[in-house]
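Note sheet for the following structure.
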Amino acid sequence: MIKAKKKPVQEILDAISRYEKILNVGCGGCVSVCLVGGQKEVNALNAELKVHLKKAGIRKQIDGYTVERQCNASYLKELDNKVPAYDCIVSMACAAGVQHMAQRFSKIPVYPLVNTAAIGVDKDLGMYEENCRACGHCVLGYTGGICPVTRCAKGLFNGPCGGTNGDNCEISNEIPCAWLDIYKRLKNQGRLDDIIKVRPHMEWQNQSPRTIIQEPYERRYLV
Amino acid sequence: MFRKKNTAGVNSDEIRAILDEKKTKMKLSLKACAHCSFCAESCFLFMGHNKDPKYMPSYKFLNSVGVLYKKKGNVDKLELGEMRDLVWERCVLCTRCYCPIGIDIPDMLALGRRICRSQGVYPQYDKE
Amino acid sequence: MALSHIFSWTFMYDFIRGPMVWISFIIFFCGVVFQVRRFMFLLKEQPVKKLEPGPGKFISRQTASHFAMDRGKTRWFKKGWFKKGPDKKDPDKKDWIVWFTVSIAGVKPFMTMVTTIFHVLLIGVPVFVLGHNILLDNAFGISMVSLPENVSDLLTGVVIVCILIFFFRRLFLDRVKIITGYEDYVFLSLAAAPFVTGYLAYHQVFSNYKLLISLHILSGELMLMAIPFTKFIHMIYMIIVRFNVAGEYSFGNARKSW
C-alpha cells in the first residue's frame, strides 16, 4: 500500500497560518493502515495544532472529518455540504487524494499534511519499506523478485556498477547492493540465465501522468 | 435481548441524520434483498475463511446497516463495537461483491463505517 | 366456523372472484409504478468520458514493451502510436467461456439453473395456462396462447419442486439460514400457495373444489398485492438496476449511477 510520512508541525502551521476555519480531512485507506492519516491521527493532529496555536495566542477553528477514501469521488460526496463552511482544507491522505480533493473543491485551498513516500510493505508496526516506484514496466520475474529500479541507486538493469563497496552500494555502507542480492537469489533458484542476457534499460513511462484502463473496459473508454 | 442499553457516548440523532440522507436507497435495497446468499462466492474473504457464512456480504450489511435502520439509530456503544468488527474486520471495501439483484453492497458497508466513525468508533490498526 | 363454510358464502366467493381481482391488480400496478418512479428518481446519468489521443495522455498498455523480443512492435515514442485503437475484434468463443466460468452460472450452476427455471415458470405458467385464458376470454374476449393442460400440469409440478428446493435450502444450508428471517418462510409459502392450491383444485384432490379454488384465487391476489411492498420487489429492482446502473456486473450500456 501507499506509505506516507507526516509533515513537520511547523510546516503545517505555516500552511494554515492565513486561514481561520480549517477542515482536516483524514482518509480511511492506505494512510490509516500506515498509522499516519486515519481518524485517530486527525484528532491527534488537531489537538496538537490547537496546543501550538494556543501557545502563540492564535485562535482558529480546526475540525476533523475522515472519509473512507479520498481517491474515489463517491466517497467525497459526503464532504460536499460540509466544505463551504471552511476557508481551507488540509488533507491527511496521500497525494493522489489531496489532488482529487483539490480538483473537486477547486474554490478552496487544499494543503497536504503528509508526504507520500512510497509503495511499500509493512516491516513491523510503524515501520515500512519502499519496494516499488510504479515505473509501469515490471521486470521482477527476471530479477528474482528484487526491483532494480527501486533498490539500485542508479536503476541499472544489467548487473552492478563498478562502484560496489564489498556487499554494499557505493552510496552508503548500509545499503546492500541490489544486484548482489539479485545474483544470490537467482543463483539459489538456478536462474542466472535471466540476468546474463543483456536487457534494454527501463524506458521511463512516468514523465507524464498515465491513464490506466483495464482490458475489459477498453471499448468503453477508448475511441 | 434484555440487555440493558447503555446509551452513553452515542448520539442517536446524529446517526439518524446520516441514515436519513440515504434512506430511500438503503431501505429499498434492504427490502429487495432476497436473502439468497448468491453474493457469498464473490467475496474473497468468505472464500478465504473456509466459507464462513459470517463473511457473506449480505450477512455483513444486514447486520450493520440493516440493524441500524431497524433500530432507527438507537444503538449503544456495545452494538457499535460489534458493528465495527463486522464492517472493518470482515470487509476491506474492495467493492467486488456481486448481487444478482444489483444491490450496491459496498455503499451500504461504507455507510456503516461512516456511522461508526461519526460516533468515534474506528479500527485500531496499531493494536493487534 | 369452518373455512369451507366461510368461503361458501356467496358474497365471499363472489367478492374474491370479482372486485378483489380488480383491487389486487390495481394495487399491484400502482405499487409497481410507484416503486419504479422511486428508483428512477434516484438514478442519475453519468456521461462516460471517451479518451482521445493527444499530448499528455499516456495510456499504459501492455503492447508497448521494452524487452528485446518485443522490438519491432509499436513503441510508445513512435509516431502513430495513439491512432491505433485497441484491436476491435469480435468477441470469440474463448471470451464467452471465460465470462461464463466466472459468472454466477459458472460458480453455482445448479442453483442458477433452478432459480432461472423457477422465475421463468413463475411468470410463464400463470400467463399461459388454459384455465386463466378461458377466464380472460370470457371476460374480455382476448386471451394469450395456451399450453396444453398436461404440460401446464407438469410445469406446475416443476415450480413446486423448485420451491421445495428453496425451502429445504433455507432450512438446512447454514449460509442461508443465518440471514433468514420469518418473513422469508412466509413469502415462500405465499409464492407456493397459488401453485399448490391450483394443482390441488384442478385435480380435485379434495372434495371441496370451491374452497380450493377460492384459496387459489385469494393466494394469487395476496401475492400480487404483496409484490410492490415486500422483497418481491426484487423482480423490478433487478431489471432496473442491472440494466441501468454502471458497475462491474451490469448488462449492456449501463451508464447511470445512484
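No lab work stands behind these numbers, since they all come straight from the coordinates. Computed from a predicted structure; not experimentally measured. Cβ: placed from backbone, ideal geometry, glycine included. Neighbour counts: every protein chain shown.
Does chain B come out rounded, prolate or oblate, given a ≥ b ≥ c as the square roots of the eigenvalues of its C-alpha gyration tensor, rounded meaning a/c under 1.5 and, failing that, prolate meaning a/b above b/c?
Cα axes put chain B in the oblate bin.
What ranking do C:LYS50, B:LYS23 get, fewest neighbouring Cβ atoms within 10 angstrom at the top?
Ascending Cβ contact count within 10 Å gives the list C:LYS50, B:LYS23.
On the principal axes of its Cα set, how long, how wide and how thick is the range C:90-226? Give whole Å, largest value first.
Principal-axis extents of the Cα atoms in the range C:90-226, largest first: 53, 41, 26 Å.
Go through B:LYS22/C:LYS256; B:LYS77/C:LYS231; B:LYS51/B:LYS77 and tell me which ones have a Cα-Cα distance over 27 Å in this structure.
Pairs exceeding 27 Å: B:LYS77/C:LYS231; B:LYS51/B:LYS77.
Quick check on the range A:133-223: take the gyration tensor over C-alpha atoms, sort the square-rooted eigenvalues as a ≥ b ≥ c, and tell me if it's rounded (a/c under 1.5), prolate or oblate.
Prolate.
Just checking the output field for A:187-200: average partner chain Cβ neighbours within 10 Å of each residue's Cβ?
Average neighbour count from other chains, rounded to a whole number: 1.
Near B:LYS72, which aspartates and glutamates are there with a Cα under 18 Å away, not counting those fewer than 8 places off in the same chain?
Partners within reach: B:ASP13, B:GLU14, B:ASP20, B:GLU21, B:GLU82.
Which entries of A:LYS3/C:LYS50; B:LYS23/B:LYS54; B:LYS70/C:LYS177 show an alpha-carbon separation above 23 angstrom in the structure shown?
Pairs exceeding the cut-off: A:LYS3/C:LYS50; B:LYS23/B:LYS54.
Run the reach check for A:LYS187 against aspartates and glutamates, Cα to Cα strictly under 18 Å, same-chain hits fewer than 8 apart removed. What comes back?
A:ASP167
For a footprinting-style exposure proxy, rank A:ILE195, C:ILE97 by other Cβ within 10 Å, fewest first.
C:ILE97, A:ILE195
Using a cut-off of 19 Å between alpha-carbon atoms, which aspartates and glutamates can reach A:LYS123, once sequence neighbours fewer than 8 places away in the same chain are excluded?
Within the straight-line cut-off, A:LYS123 pairs with A:GLU174, A:ASP181, B:ASP126, B:GLU128.
Provide the FRET efficiency to the nearest 0.05 for the B:VAL67-A:LYS82 pair, computing r from the beta carbons and using R0 = 25 Å.
0.45
Between A:GLU20 and C:VAL107, take the C-beta separation as r, use R0 = 60 Å, and let me know the FRET efficiency to the nearest 0.05.
0.60
Can you compute the modelled spin-label distance between C:ALA139 and A:GLU130, with each label point 7 Å from Cα toward Cβ, in nm?
7.5
Using only the alpha carbons of the protein assembly as shown, what is the convex hull's orientation-averaged projected area in square nanometres?
For the Cα atoms of the protein assembly as shown, the hull's average projected area reads 39.0 nm².
Can you pick out the pairs among B:LYS27/C:LYS108; A:LYS21/A:LYS50; A:LYS5/A:LYS82; A:LYS6/A:LYS50 whose Cα atoms lie more than 19 Å from each other?
Over 19 Å apart, Cα to Cα: B:LYS27/C:LYS108; A:LYS5/A:LYS82.
If you take the beta carbon distance between A:ASN168 and C:VAL158 as r and set R0 to 60 Å, what does 1/(1 + (r/R0)^6) give as a FRET efficiency, to the nearest 0.05?
That gives a FRET efficiency of 0.20.
If neighbour count is taken as other Cβ atoms inside 10 Å, put A:GLU41, A:GLU174 in order from fewest to most.
A:GLU174, A:GLU41
If each DSSP helix of 4+ residues adds -39,500 (n - 2.57) and the sum is divided by the residues in the protein assembly as shown, what number results at 222 nm, nearest 500 deg cm²/dmol?
-14000 deg cm²/dmol
Identify the residues of the range A:152-175 with backbone N under 19 Å of a label point that sits 7 angstrom from the Cα of A:LYS197 along the Cα-to-Cβ direction, or state none.
Answer for the range A:152-175: A:156-160.
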